[in-house]
Amino acid sequence: MNERLEAQARNEALIREVNERIAAIQSNWDAEGLLEFFCECGRRGGCDVVVHATLEEYERVRAQDDRFLLSPGHETGRIERVVGETERYVIVDKISDAEPIVHRALPR
């Protein structure tokens, strides 16, 4: 895997950490309905797109460490594949070469 794609995988893991804190705060407040999460695409220079999902939807994505919540069209076929989608978001699963980078950057 090239250096740019490795950096993207690390960025995704960092954004995931922010989203996990959002989820934790919302769960303490007993939030219902759609919440705002950051797109976990990890694009260079950052991504300022907000993805709307319920806390339950987000937790389902996070049940697998190598799955990420992205804005539609933000997936990168060289390091991930789409495994689910709605009108509001896509769920991607990392390919096997990218999984170790994500696990090192942010173990759950």
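Each value in this text was obtained by applying a stated rule to the coordinates, not by laboratory testing. Fair warning: this is a prediction, and the values are worked out from it, not measured in the lab. Counting neighbours? That spans all protein chains shown, and the Cβs are built from the backbone with ideal geometry, glycine included.
Please compute the net charge surrounding Gly73, taking Lys and Arg as +1 and Asp and Glu as -1 over other residues with Cβ under 12 Å from its Cβ.
Numbers: positive: Arg43; negative: Glu75, Glu85.
Summing Lys/Arg as +1 and Asp/Glu as -1 gives -1.
Counting every other Cβ atom within 10 Å of each residue's Cβ, Ser96, Ser27 order from fewest to most as Ser96, Ser27.
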